[in-house]
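Working notes for the structure below.
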Amino acid sequence: MKTIRVHNVDEVLERHNDFLESCLGDCMLTSPQLLKAVTTLCLVCVQFCTFIQEMHKYFVDAELNSMLGSTYENTYYSEDTGCGGSKVNGSSDSFARSVSRYGLRFTAALLSVLAIIERMARDNNTNKLLNISARLNFNTYYVKQLEKLCSDEQLLEGERKAAPAS
């Protein structure tokens, strides 16, 4: 932004308000829907990091237990549960399944952000939003996922509408 000479306090306040509006627009903080979607995306990332940190403790403990033998007592977790109360030994909730679930949640949250950004870009016809969309989806992987999700939702809606008629 250029430095402009001002002559009174009102002009300073006007320039400052213009700057703040520019910052809000550039950071995309003007859309409550987008803020909620980005917050959800960040929350999924934080939850995944917490999960990995807790599982790291479990794996380190399991490795120590295997190296020291049965005389070593597990101080972090009981034998049948891991972090988050999920079963670890002989469980229905394996590490791979949990990671896969976080991956699906992340993809769904990112698709939500992309959909909102693309809708805002279409409505406002702004290059900034189109550039962000292109950078997030540079190889069109998420567009394909979004198209699949939309077609699945349309299929489900069609089945719901057809179900009461029969």
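How many residues does segment 17-31 contain that are exposed (fewer than 11 other Cβ atoms within 10 Å of the Cβ) and modelled with pLDDT of 80 or more?
Qualifying residue count, segment 17-31: 2.
List every residue pair whose Cβ atoms sit under 9 Å apart, with the two residues 6 or more apart in sequence or on different chains, where the first one lies in segment 129-144 and is more than 15 Å from Ala108 (Cβ to Cβ) and acidic (Asp, Glu) and the second, anywhere, is open to solvent by 80 Å² or more (accessible area, probe 1.4 Å) and not in a helix (DSSP H, G or I).
none
The values are calculated or read from the model by the stated rules, or taken from the named source; none is laboratory data. The model shown is predicted, which means the values in this text are computed figures rather than measured ones. Here Cβ is always computed from backbone atoms with ideal geometry, including for glycine, and neighbour counts include all displayed protein chains. Accessible surface areas use protein heavy atoms only, side chains included; no ligands, DNA or RNA. Shrake-Rupley method; radii C 1.70, N 1.55, O 1.52, S 1.80 Å.
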